[in-house]
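This report refers to the structure that appears directly beneath it.
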Amino acid sequence: MILKRLSILNYKNIEQADLDFSPNVNCFIGQNGMGKTNLLDAIYYLSFCKSATNPIDSQVMRHEADFFVVQGLYDTEQGDEEEIYCGMKRRQKKTFKRNKKAYQRFSEHVGFIPLVMVSPSDNELILGGSEERRRFMDVAISQHDKEYLTELINYEKALQQRNALLKQEEEPDPELLGLWEEMMARSGEVIYQRRKAFIEGLTPIFQSFYAQISGECEEVSLAYSSHGERGALLDTIRNGRAKDRIMGYSLHGVHKDDLVMQLGGYPIKREGSQGQNKTYLIALKLAQFDFLRRSGSKVPILLLDDIFDRLDASRVEQIIRLVSSDTFGQIFITDVNRGHLDRIVSAATGDYKLYTVTNGVVEL
């Protein structure tokens with residue numbers, strides 16, 4: 001997919017922007033806080049029906065405004081045009097449309113425009129809780145597997161209903177509890193198998209990217225940890241019912257899954273320097289891109305937000321070499337350093353566009 005044109009009204013600090021993009025490399029330069037990341041976030045919104053940084057839609061609206069609009073015109077691999085529109089008025093629900101036809105469920109749109117974003121907030125994958133790492137798996141798999149997304153929604157519904165019963169003062173109806181447990185197990189088994197296959201396929205690609213960027217200086221690993229490994233998930237959930245009732249929530253299931261991230265055989269959270277952590281995360285996201293490219297018919301859009309900070313010169317050079325190759329499709333990249341961007345566009349094949357961003361104003 002190629003984003004040809006982006007139109008923005010009142011999105012975060014961007015009052016108005018109409019931008020035509022290169023199908024290859026698009027660069028945004030400006031100081032911190034000027035709005036570079038907000039531009040990438042608007043592109044992200046058009047793929048996922050939500051912001052990458054703020055789950056509350058009304059908070060992406062510019063403070064002085066009563067509505068926001070983000071609209072993108074895309075070219076598909078088959079040469080067709082696709083128009084994606086999102087608009088929202090304050091205190092009203094947002095509208096999301098494809099070619100002027102509104103979606104009934106936003107989940108129907110996820111995966112239509114595959115996208116991978118690398119940003120400073122990815123650091124939470126290492127330093128944050130397990131929910132961040134589950135979200136990484138879910139975002140990647142959901143973009144090419146509609147069944148997975150459906151089962152994820154079903155599992156979350158069953159989990160919420162079971163937790164509501166567990167919190168009751170009176171003893172919950174065991175039959176009703178059993179029904180929600182069966183739904184959790186049925187959907188959870190699908191989720192477990194898809195996550196397991198995803199990580200098994202992703203790990204060697206991730207290790208290859210890390211070796212290229214680091215110059216093979218360190219060994220890294222990635223492993224999937226799940227209650228699904230213990231056997232039948234329904235048995236695992238039911239066996240914990242008494243303890244769950246005491247706690248008031250579900251202690252077992254795929255909502256407790258995690259990724260074990262290691263550097264040199266030890267947890268990277270404990271062992272990694274800032275540069276090593278950043279290398280790990282960039283390699284992980286580039287592997288996600290490669291996974292999506294191989295598993296679907298569309299080349300994902302790649303968003304790179306301030307990726308060179310805290311990296312030594314040799315790692316910067318390797319990343320520039322990687323993203324400048326023809327392995328990737330359309331790239332959007334931000335930086336405060338004009339030198340990094342100049343080296344990328346000089347090494348890249350095809351044309352490019354370079355924009356400056358100042359206080360939400362974007363100029364070519």
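The values are calculated or read from the model by the stated rules, or taken from the named source; none is laboratory data. Just so it is clear, the structure is predicted and the values come from calculations on it, not from any experiment. All Cβ positions, glycine included, derive from the backbone under ideal geometry; neighbour counts span all protein chains shown.
If the requirement is being closer than 24 Å to ARG338 by Cβ and touching a helix residue (DSSP H, G or I) at 6+ places or on another chain (Cβ under 7 Å), which of these qualifies: ASN54, ASN32, ASN13, ASN38?
That would be ASN13, the only listed residue that is closer than 24 Å to ARG338 by Cβ and touching a helix residue (DSSP H, G or I) at 6+ places or on another chain (Cβ under 7 Å).
Among the residues of segment 1-29, which ones are in a strand (DSSP E or B), of a type in the set (Ser, Thr, Tyr) and either at positive phi or over 20 Å from the mean Cα position of the chain (by Cα) (or both)? Don't jump to the end; show me each part of the working.
Of segment 1-29, the ones in a strand (DSSP E or B) are 2-11, 14-20, 25-29.
Adding the requirement that they be of a type in the set (Ser, Thr, Tyr) leaves 7, 11.
Within segment 1-29, just SER7 meets the criteria.
Quick check on segment 101-109. Is at least one of its residues aromatic (Phe, Trp, Tyr) and closer than 20 Å to LEU3 by Cβ?
Among the residues of segment 101-109, at least one is aromatic (Phe, Trp, Tyr) and closer than 20 Å to LEU3 by Cβ, which makes the answer yes.
What do you reckon, is LEU303 surrounded by 23 or more Cβ atoms within 10 Å (Cβ to Cβ), under 19 Å from GLN143 (Cβ atoms) and at pLDDT 90 or above?
Yes; evaluated as a whole, the condition is true for this residue.
Out of curiosity, is ASP75 surrounded by fewer than 19 Cβ atoms within 10 Å (Cβ to Cβ) and either at pLDDT 90 or above or under 20 Å from ASP122 (Cα atoms) (or both)? It would help to see each step written out before you state the result.
Working: surrounded by fewer than 19 Cβ atoms within 10 Å (Cβ to Cβ): yes; either at pLDDT 90 or above or under 20 Å from ASP122 (Cα atoms) (or both): yes.
Yes.
For LYS269, which of the numbered conditions (1) surrounded by fewer than 21 Cβ atoms within 10 Å (Cβ to Cβ); (2) modelled with pLDDT under 90; (3) closer than 30 Å to GLY129 by Cα fails to hold?
With (1) surrounded by fewer than 21 Cβ atoms within 10 Å (Cβ to Cβ); (2) modelled with pLDDT under 90; (3) closer than 30 Å to GLY129 by Cα applied to LYS269, the lone miss is (2).
Considering segment 285-314 alone, what residues qualify as being assigned to a helix (DSSP H, G or I) and farther than 26 Å from SER22 by Cα? Talk me through it step by step, then tell me what you get.
In the first step, residues of segment 285-314 are kept if they are assigned to a helix (DSSP H, G or I); the result is 285-295, 313-314.
Residues satisfying the conditions are ALA313, SER314.
Residue under question is TYR224, and the condition is that it be within 30 Å of LEU281 (Cα to Cα) and touching a Gly at 6+ places or on another chain (Cβ under 6 Å); does it hold?
no
Report, by residue number, each residue of segment 185-238 that is hydrophobic (A, V, I, L, M, F, W, C), without any contact (Cβ under 8 Å) to a residue 12 or more places away in the chain and closer than 18 Å to ARG134 by Cβ.
Of everything in segment 185-238, just one residue is hydrophobic (A, V, I, L, M, F, W, C), without any contact (Cβ under 8 Å) to a residue 12 or more places away in the chain and closer than 18 Å to ARG134 by Cβ, namely ALA197.
Between residues in segment 169-184 that are within 15 Å of GLY240 (Cβ to Cβ) and residues that are surrounded by 15 or more Cβ atoms within 10 Å (Cβ to Cβ) and charged (D, E, K, R), which pairs lie under 7 Å by C-beta distance while being six or more apart or on different chains?
Short answer, once both residue conditions are applied: LEU177/ARG162; TRP180/ARG162; GLU181/ARG162; GLU181/ARG238; MET184/ARG162.
Can ILE113 be described as of a type outside the set (D, E, K, R), surrounded by fewer than 17 Cβ atoms within 10 Å (Cβ to Cβ) and either under 22 Å from GLY329 (Cα atoms) or touching a residue at least 24 places away in the same chain (Cβ under 8 Å) (or both)?
For ILE113, the condition - of a type outside the set (D, E, K, R), surrounded by fewer than 17 Cβ atoms within 10 Å (Cβ to Cβ) and either under 22 Å from GLY329 (Cα atoms) or touching a residue at least 24 places away in the same chain (Cβ under 8 Å) (or both) - is not met.
When the residues of segment 276-323 are narrowed to those that are among the small types (Gly, Ala, Ser) and in contact (Cβ under 8 Å) with a residue 40 or more places away in the chain, which ends up nearest to ARG343 (Cα to Cα)?
My answer is SER314.
Yes/no per residue for (1) surrounded by 15 or more Cβ atoms within 10 Å (Cβ to Cβ); (2) at positive phi; (3) assigned to a helix (DSSP H, G or I):
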position: SER58; (1), (2), (3): no, no, yes
position: GLU64; (1), (2), (3): no, no, no
position: CYS86; (1), (2), (3): yes, no, no
position: ARG91; (1), (2), (3): no, yes, no
position: MET117; (1), (2), (3): yes, no, no
position: LEU125; (1), (2), (3): yes, no, yes
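What is the residue count in segment 22-56 for residues that are loosely packed, with under 15 Cβ neighbours inside 10 Å and among the charged types (D, E, K, R)?
The qualifying residues number 0.
Taking only pairs six or more apart or across chains, which ones have beta-carbon atoms under 7 Å, a first residue in segment 326-342 that is free of Cβ contacts under 8 Å to residues at least 60 places away in the same chain and at negative phi, and a second residue that is part of a loop (DSSP other than H, G, I, E, B) and surrounded by fewer than 20 Cβ atoms within 10 Å (Cβ to Cβ)?
So the pair list comes out as ASP326/THR349.
Given the conditions (1) in a strand (DSSP E or B); (2) modelled with pLDDT under 95; (3) within 22 Å of VAL361 (Cβ to Cβ), and given that ASN32 satisfies all but one, which numbered condition is not satisfied?
Single failed check for ASN32: (1).
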